[in-house]
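Coordinate-derived values only; no laboratory data. On a predicted model such as this, the values are computed, not experimentally measured, just so you know. Please note: Cβ atoms are built from the backbone with ideal geometry, for glycine as well, and neighbour counts cover all protein chains shown.
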């Protein structure tokens with residue numbers, strides 16, 4: 001079951017599929033094998049398998065977390081002539097935070113050596129070794145490949161070793177050398193990943209905005225004028241007061257950054273990252289967020305032990321910079337009932353990103369709180385411009401409670417998705433959010449009152465605007481119940497296919513087009529945007545001949561992220577969609593379809609030497625043998641003679657460019673078709 005899941009997840013890596021200047025078969029790994037004698041033992045030998053990897057490609061390690069890519073795995077065909085000693089050893093490699101799977105994954109670049117010790121039970125042995133592996137670069141991944149080795153132990157002929165490659169699939173490699181040079185261990189250097197940098201910036205911005213929201217709560221906001229006035233009045237000079245206030249702000253930053261560092265060191269980014277997809281973790285955090293939300297709404301307060309505050313206050317009385325630091329710590333403890341739920345949410349969300357994300361999150365959060373103290377200390381006259389404390393502070397706190405409650409259901413949804421229970425499907429999730437944000441709008445409009453709310457004859461302009469935003473968002477969510485994509489909140493609700501009606505009500509998903517009631521052509525079904533799509537090449541070609549249209553072959557995968565991007569962002573454009581619907585016959589061939597072919601249709605590929613056992617294998621082999629390419633998405637336009645009308649296209653996020661490519665192929669088909677018709681007419685007139 002786990003292996004099946006891993007294969008399904010394989011094509012998530014096609015997220016990085018880029019532009020292809022020309023069709024080609026990628027062959028980035030060259031394997032070689034050898035054997036050497038272990039001097040300390042009379043009958044033990046070491047099998048050495050080397051992988052030379054082309055620049056910019058990488059090979060995955062033997063141990064990959066569940067839900068990750070296909071690991072490298074070895075089997076050695078044990079027999080009566082030898083037995084394995086220990087596990088297959090590998091080098092250090094590189095371990096990085098993978099942005100696609102959200103986990104730390106180990107891989108190798110340039111060159112790597114694997115070693116397996118064996119013990120001879122007879123004088124000689126032939127070891128039939130097999131390695132299954134996959135390779136990726138920053139733009140694409142290749143399907144899993146298999147390499148076979150025939151290793152003679154001990155070496156007898158003294159011949160050099162021969163090598164093979166990933167495209168050979170089942171090619172046997174004879175290894176006769178009795179020594180191999182040591183390969184330098186790869187340094188565990190982190191990749192300079194721009195996607196990871198953007199993620200960190202996102203964490204910082206969200207944390208900063210969260211800190212600003214915490215600043216506007218009853219626990220923190222009233223402390224600004226009190227604390228700044230204290231520094232300016234108690235200091236001997238204005239400059240000293242500014243210095244003390246700035247140090248107070250720096251102390252706040254240090255305290256929260258230390259908290260983020262502590263979480264990273266104690267729990268480890270890896271641990272929380274692994275937990276982020278754990279069912280129990282998501283359920284527990286759902287409960288915690290519900291508790292935080294209820295607390296924000298005024299049912300009770302979450303506070304730290306009062307003895308902590310008392311002890312910290314006594315330290316703050318010492319004066320000097322040490323006293324100022326403890327004043328900042330006292331603020332953190334006293335304001336915990338307002339900041340604790342926000343900090344807790346930020347820490348778990350940031351830690352699930354891995355690396356130093358918790359530290360960055362706490363830096364952004366604390367900066368938002370600390371800056372006003374330093375700012376107003378430098379310009380104390382501006383304190384008069386601050387709004388007075390009042391009921392609006394409780395309104396901010398309650399609003400945060402509604403947001404915490406909405407976020408809680410995201411974690412409950414994660415657990416439901418992992419277990420595939422289909423309890424919290426898309427429609428139910430959206431209904432819950434509609435109810436939450438609808439109630440928030442009513443609260444902000446003063447139609448609902450909660451504990452600690454003050455009586456007001458009117459609502460402020462700010463509250464009215466915030467209420468309007470909540471109402472507009474609620475109305476925006478409603479069409480999602482009938483299949484609207486809701487791109488603004490993409491990633492929060494369950495995906496469109498995880499719903500009671502995956503195609504939308506009345507097959508309206510993805511646009512206004514509703515297919516007619518006539519039956520589909522044989523072998524076809526409705527695909528993205530209700531496009532008629534064939535999943536068998538011969539059926540699609542026959543239909544194209546019948547309709548006198550060119551064929552668009554779409555080499556894709558069920559879990560191919562870039563394929564979904566093309567379908568959702570490029571194919572959805574009106575002109576592109578119109579062309580796909582009316583001017584071509586779409587044939588979508590899924591290279592990751594794991595359904596088995598009938599035994600009489602299974603075969604061995606003439607190109608790769610692999611056994612073709614599944615439907616996905618068949619279409620992958622078709623792509624390789626016919627078009628010399630093996631990455632997805634990959635688009636080919638052909639005529640009825642199966643000749644290409646235009647050079648193939650790969651991932652092309654520019655809708656206009658993709659449309660021009662489509663139009664060029666369609667125009668070429670029409671031109672050739674017209675020429676053929678003219679030639680046919682001339683021939684008929686001659687015979688007449």
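Arranged by the count of other C-beta atoms within 10 angstrom, fewest first, what order do 74, 212, 292 take? Let's see the in-between values first.
On the way: 74 19, 212 16, 292 22.
Neighbour counts put them in this order, fewest first: 212, 74, 292.
What is the packing order of peptides 602-608, 103-109, 446-452, taking the mean over residues of other C-beta atoms within 10 Å and listing the highest first?
Most protected by this proxy first, the peptides run 103-109, 602-608, 446-452.
Using only alpha carbon pairs under 8 Å that are at least six residues apart, calculate the relative contact order of region 520-679 and give it in whole percent.
After rounding, I find 25 percent.
Please report Rg over Rh for region 520-679, where both radii come from the alpha carbon positions and Rh follows the Kirkwood definition.
Over the Cα atoms of region 520-679, Rg/Rh equals 0.96.
Classify region 591-637 as rounded, prolate or oblate from the Cα gyration tensor: take a ≥ b ≥ c as the square roots of its eigenvalues, call it rounded if a/c is under 1.5, otherwise prolate when a/b beats b/c and oblate if not.
Here region 591-637 falls in the oblate category.
In whole percent, what relative contact order does region 562-626 give with Cα contacts below 8 Å and a gap of six or more residues?
26 percent
Among 133, 492, which comes first, second and so on when ranked by fewest other beta-carbon atoms within 10 Å?
492, 133
When a footprinting reagent is the concern and you count Cβ atoms within 10 Å, what order do 590, 256 take, fewest first? Before the final figure, lay out the partial values.
Working: 590 22, 256 28.
With the sparsest Cβ surroundings first, the list reads 590, 256.
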